[in-house]
Amino acid sequence: MRNKIVAGNWKMNKNMAGTDALLAELSAKLPNTHAKVMVSPTFVNLAGAVRQLEGSEIEVISQNMHFAESGAYTGEISADMLLDIGIKTVILGHSERRAYFGETDEILKKKVEAALANNMTVMFCFGEELQDRKSGNHFSVVESQLKNALFDLDPSAWSSIILAYEPVWAIGTGETASPEQAQEMHAFIRKTIATAFDQTIADNVSILYGGSVKPSNAEEIFSKPDVDGGLIGGAALAADDFIAIIKAI
């Protein structure tokens, strides 16, 4: 049975004091839930967040990592560095990393392999842009992103993979993705994995939705059979909103 997951990607937000305050509020208000709850502060606040949430049901995860073990990669962070401070899950392939920092499928494949080699869990992000959706290429784009980065993995590796579908065209564009469109794509993703590997892997991998989930739409989106939770952006920065989303699942 696949996990239900609500993960908050804080992006480049919250200094140390703001991080401490938000974590304290989330911890105090966290409801009893069968879902896994994750938060991803900035790199400089990860170690403090791990210490603050020790013994909590909330897992601290990383927004990114490099594929190399060490070396002349100024500004980068390795798997070993993350593990050393207690981070076991990493977000890879976020649409902003692809768009602003030129991360390709080839780079992401190396990052995924490096994370898995270090026994980390990977939350792999992917999704089509507006021109892909309008041209009707959205399914082929998503299939290509999955294939290029993940389909050479050993089937056993899928127990350490979480998928996060991001309809980039519906984030900050004025366009809106309906719960039905989310379900349609999630079902396609699951079918694609079943074809490439097998139905058991497809049935057990958690597929999160990353298209502007908020308290007002979370329950409807999460009710769809192939949507296993959400990767939350802006709404994860307000404790009450994030808690409401957790309750919706």
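The values are calculated or read from the model by the stated rules, or taken from the named source; none is laboratory data. The shown structure was predicted, so the numbers you read here are calculated from the model rather than taken from an experiment. Glycine also receives a Cβ, built like all others from the backbone with ideal geometry; neighbour counts cover every protein chain displayed.
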Task: Complete set of residues in the stretch 70-89 that are exposed (fewer than 14 other Cβ atoms within 10 Å of the Cβ), more than 15 Å from Thr121 (Cα to Cα) and either touching a residue at least 12 places away in the same chain (Cβ under 8 Å) or of a type in the set (Ser, Thr, Tyr) (or both) - done: Ser70, Tyr73, Thr74
Open item on the list: Given the options Lys36, Lys29, name the one that is of a type outside the set (Asp, Glu), out of contact with any strand residue (DSSP E or B) (no Cβ under 8 Å at 6 or more places or on another chain) and either buried (at least 20 other Cβ atoms within 10 Å of the Cβ) or on the phi < 0 side of the Ramachandran plot (or both).
Closed with: Lys29
Task: Odd one out for Gly210, checked against (1) in contact with a Leu (Cβ under 9 Å, 6 or more places away or on another chain); (2) without any contact (Cβ under 8 Å) to a residue 60 or more places away in the chain - done: (2)
TODO: State which residue is nearest to Tyr100 (Cα to Cα) when the search covers only the stretch 35-55 and only residues that are assigned to a loop (DSSP other than H, G, I, E, B) and modelled with pLDDT of 95 or more.
DONE: Thr42
TODO: May I ask you to list the residues in the stretch 161-170 that are within 13 Å of the chain's Cα centre (by Cα) and assigned to a helix (DSSP H, G or I)?
DONE: none
- [ ] Take Val213 and decide whether it is buried (at least 17 other Cβ atoms within 10 Å of the Cβ), closer than 21 Å to Ile91 by Cα and at pLDDT below 95.
- [x] yes
Open item on the list: Can you list the helices (runs of 4 or more DSSP H) lying wholly within the stretch 90-157 that have 2 or more residues being loosely packed, with under 14 Cβ neighbours inside 10 Å and β-branched (Val, Ile, Thr)?
Closed with: none
- [ ] Name the residue, out of Ile87, Ile107, that is of a type in the set (Val, Ile, Thr) and more than 17 Å from the chain's Cα centre (by Cα).
- [x] Ile107
Task: Filtered residues of the stretch 151-207 (kept if basic (Lys, Arg) and touching a residue at least 60 places away in the same chain (Cβ under 8 Å)) - done: none
TODO: Inspect the stretch 44-56 for any residue being closer than 16 Å to Val122 by Cβ and acidic (Asp, Glu) and give the result as yes or no.
DONE: no
Task: Test: residue in the stretch 168-188 that is surrounded by fewer than 17 Cβ atoms within 10 Å (Cβ to Cβ) and among the aliphatic types (A, V, I, L, M) - done: yes
Task: Met12 within 16 Å of Ala236 (Cβ to Cβ), assigned to a loop (DSSP other than H, G, I, E, B) and among the aliphatic types (A, V, I, L, M) - done: yes
Task: Flag if Arg2 is modelled with pLDDT under 95 and among the basic types (Lys, Arg) - done: yes
